[in-house]
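The values are calculated or read from the model by the stated rules, or taken from the named source; none is laboratory data. Since this is a predicted model, take the numbers as computed values, not measurements. When we count neighbours, we look across all protein chains shown, and the Cβ atoms used for this are built from the backbone with ideal geometry, even at glycine. Heads up: the accessible areas ignore ligands, DNA and RNA and are worked out on the full protein's heavy atoms, side chains in. Shrake-Rupley method; radii C 1.70, N 1.55, O 1.52, S 1.80 Å.
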Amino acid sequence: MSGHPALGTGDDPVEDVVRSGARLVRAAAGLSDAGLRAASGLPGWTRGHVLAHVVHSVDAYVWLLLLAHTGRAPGPRADAAALSAAVERDAALSADGLATRLEGSLDRFAARARTMPDHAWDRLVPALAGWRHPAWYLLLRCLRELETHHLDLGVGHGTEQWPDRYVSWALDDTLATLRAQSFPLASVQAVDLGRSWPVSADGPSVAGAGHQVLGWLSGRTPAGALTADRPAHLLPRPPAWPRPPLPGWGRVDDGA
């Protein structure tokens with residue numbers, strides 16, 4: 001793959017997505033239909049909504065991989081309203097039906113990623129929110145989608161199950177954005193990963209296992225498990241996550 005090595009030199013980020021996806025498919029297949037209708041960790045969404053959202057997100061990533069590969073839009077693209085309606089519709093599917101849909105979408109994503117020519121990975125593609133990024137970033141977006149929403153499913157997949165390489169990348173990405181936004185946090189340390197990040201000229205410093213730090217920054221877990229130089233309730237509130245990649249590659253409408 002040209003451009004960015006994604007999750008690390010010598011590593012295959014496609015296989016990271018495949019492994020993460022297989023774990024989520026197994027979790028989905030293990031749900032009963034009643035379990036699928038139960039509340040998830042996301043307000044107002046059942047587990048069915050979470051899985052339907054992941055299915056349609058992965059399908060959108062396949063569309064973008066095809067765009068990067070050929071340089072042409074592979075048919076009409078669903079807008080946000082259409083995607084929202086599709087999630088509502090498919091949230092009512094059976095557990096077996098959703099697990100099968102998810103597995104098929106992930107298989108298509110992996111197959112398309114494995115046949116991408118090197119030059120296509122550097123082609124800029126438009127996220128639905130309007131941000132452009134190189135096609136290789138889709139591998140990381142897909143991995144984040146799978147790991148985060150597996151946690152949101154509420155079936156025992158906690159932040160401690162997040163792979164270290166995923167946590168390390170997601171912290172790099174998230175903290176670079178917070179640094180660019182002057183978020184009032186002096187530094188972050190992931191003690192288990194042996195890594196630290198300066199963020200701002202002032203604010204508190206926090207430390208903890210990398211997955212705990214990422215859980216807090218992503219709004220999934222409270223700050224209570226972290227060590228900080230001020231009480232947890234006085235820590236700044238992280239903005240909505242995930243955020244657009246920074247330094248970023250421009251917006252769709254800016255000609256960058």
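Contact order normalised by length for segment 1-141, with contacts defined as Cα pairs under 8 Å and 6 or more residues apart; what percent is it?
It comes to 36 percent, rounded to a whole number.
Ignoring ligands, DNA and RNA, please state the percent of accessible area on segment 119-256 from carbon and sulfur, probe 1.4 Å.
53
Under 8 Å for C-alpha pairs, at least 6 residues apart: give me the relative contact order for the chain, rounded to a whole percent.
In percent, rounded to a whole number, it is 20.
Starting from 0.36 nm per residue, how many nanometres of slack lie between ASP202 and ALA80 once their C-alpha separation is accounted for?
Taking 0.36 nm per residue and subtracting the Cα distance, the gain is 40.1 nm.
What is the calculated FRET efficiency for ARG114 to ASP33, with r their C-beta to C-beta distance and R₀ = 22 Å, to the nearest 0.05?
Approximately 0.05, to the nearest 0.05.
Under 14 Å from the Cβ of ASP173, count the other residues' Cβ atoms, weight Lys and Arg +1, Asp and Glu -1, and hand me the total.
Residues near ASP173 contribute +3 overall.
What ³J(HN,Hα) values, in whole Hz, does the Karplus curve 6.51 cos²θ - 1.76 cosθ + 1.60 give for segment 74-88 when θ = phi - 60°, with x put for Gly and Pro?
With coefficients 6.51, -1.76 and 1.60, one gets x, x, x, 10, 5, 8, 4, 5, 5, 5, 4, 5, 5, 5, 4 Hz.
When the Karplus curve 6.51 cos²θ - 1.76 cosθ + 1.60 is applied with θ = phi - 60°, which whole-Hz ³J(HN,Hα) does each residue of segment 207-214 get, with x for Gly and Pro?
8, x, 4, x, 5, 5, 4, 5
Under 5 Å between amide hydrogens, which residues at least 5 positions from ARG132 or on another chain qualify, with H placed 1.01 Å from N in the peptide plane?
Amide H neighbours of ARG132, under 5 Å, 5+ apart: ALA127, TRP249, GLY250, ARG251, VAL252.
Express the accessible area of segment 148-200 per residue in Å², computed with a 1.4 Å probe while the remaining protein chains stay in the model.
39
Could you tell me which label, among (i) 50, 46, 35; (ii) 46, 40, 31; (iii) 46, 36, 34, carries the value of Cα extents along the principal axes in Å calculated for this structure?
(i)
Per-residue HN-Hα couplings for segment 33-42, Karplus 6.51 cos²θ - 1.76 cosθ + 1.60 at θ = phi - 60°, whole Hz, x for Gly and Pro?
Couplings: 4, 5, x, 5, 7, 6, 5, 9, x, 9 Hz.
Taking H placed 1.01 Å from N in the peptide plane, check which residues at least 5 places from ARG195 or on another chain put their amide H under 5 Å from its amide H.
ALA190
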